[in-house]
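Take a look at the structure set out below.
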Amino acid sequence: MISITTIKRVLPRIIAVFLLTVTSTLALANPAAAEKGYRYWGYFQAEPNSQSWVAAMTGPTVKLKDGAVEGWSFSISNEAIPAATPSEEADFASLCADTPAASGKIRVGLVINFGPEIIAPNNEMPPNSISSCALVKKDATGIDVLNTAVTVRNDKGGLLCGIEGYPAAECGPEVDMPSAEAIAAQSEENEKALELENEMEFGPIIAVVLAALLAITLAITVKKRKRM
């Protein structure tokens, strides 16, 4: 039984999530936001003893050092909006805490983010992020590390197109860009929704309510655009 006290506590958060959902939805529906960009797997690296992600200037074919961290982030970008770095820190100590050093091998942290739902291809849902530690040979490259943890899909030219079957078929297509505000709004929306689910035993009910409210918002938006 849901108490009145619980409802009073979480209702403001439900309203906040809904408002953020509306914001991101309306931003996506705004034709002015439909600039072009590319959707692809961004590649990032962190040197040993550093927790800062840096966009890789080469492909994943450079030999790595013990203590390095490799990062992959499914992103959408153009000249104005850069590819998003992995949301998790490049924390080698945490990633490889349970992987002891071994003679003749190196340890490399690995973080894979599948991006927010707002940039997902049609009819696809981003999988959960992956964080792991790879124990590989001393002359291992980034692709060696990636292959220890996941299945990858490349095109004929060697470009990495998919990780763990995501995306299912595309490979770096040109797409309409959502606005930076819409991306930020959904990221905040997702964080607040997760807080609600962790705090409440009736998370599925909240999901249904938010889905219904979002459907109403979308219907109103589409109706208004048809009148334009």
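Using the count of nearby Cβ atoms within 10 Å as a rough guide to exposure, how do 159, 64, 146 rank from fewest to most?
Fewest-to-most Cβ neighbours within 10 Å comes out as 159, 146, 64.
Counting other beta carbons within 10 Å of each Cβ, put 62, 175 in order, fewest first.
62, 175
How much net charge surrounds residue 119 when only other residues with a Cβ under 11 Å from its Cβ are counted (Lys, Arg +1; Asp, Glu -1)?
Here the count lands on -2.
Treat the count of other C-beta atoms within 10 Å as a stand-in for reagent exposure and order 69, 54, 145 from fewest to most.
Ordered from fewest to most neighbouring Cβ atoms within 10 Å, 69, 54, 145 come out as 54, 145, 69.
With a point put 7 Å past each Cα toward its Cβ, work out how far residue 125 is from residue 66 in nm, to one decimal.
4.2 nm
Would you mind classifying the stretch 59-169 by shape? Square roots of the alpha carbon gyration tensor eigenvalues, ordered a ≥ b ≥ c; an a/c under 1.5 is rounded, otherwise it is prolate if a/b is larger than b/c and oblate if not.
The shape class here is prolate.
Given points 7 Å out from each Cα along the Cα-Cβ axis, report the residue 159 to residue 57 separation in nanometres with one decimal.
The modelled label-to-label distance comes out at 2.2 nm.
Using θ = phi - 60° and the Karplus curve 6.51 cos²θ - 1.76 cosθ + 1.60, what whole-Hz ³J(HN,Hα) does each residue of the stretch 130-137 get, with Gly and Pro shown as x?
So the Karplus estimates, Gly and Pro as x, are 10, 10, 7, 10, 9, 9, 10, 5 Hz.
5 Å is the cut-off here: which amide hydrogens, built 1.01 Å from N in the peptide plane, fall below it relative to residue 161, excluding neighbours closer than 5 in sequence?
Amide H neighbours of residue 161: 153, 154, 155.
Quick one: length gained pulling residue 79 to residue 137 fully straight, 0.36 nm per residue minus the C-alpha distance?
Full extension of this stretch gives 17.2 nm more.
Every number here is computed from the coordinates shown, using simple stated rules; none is lab data. Since the model is a prediction, treat every value here as computed from it, not as a measurement. Cβ atoms come from the backbone with ideal geometry, glycine included; neighbour counts cover every protein chain shown.
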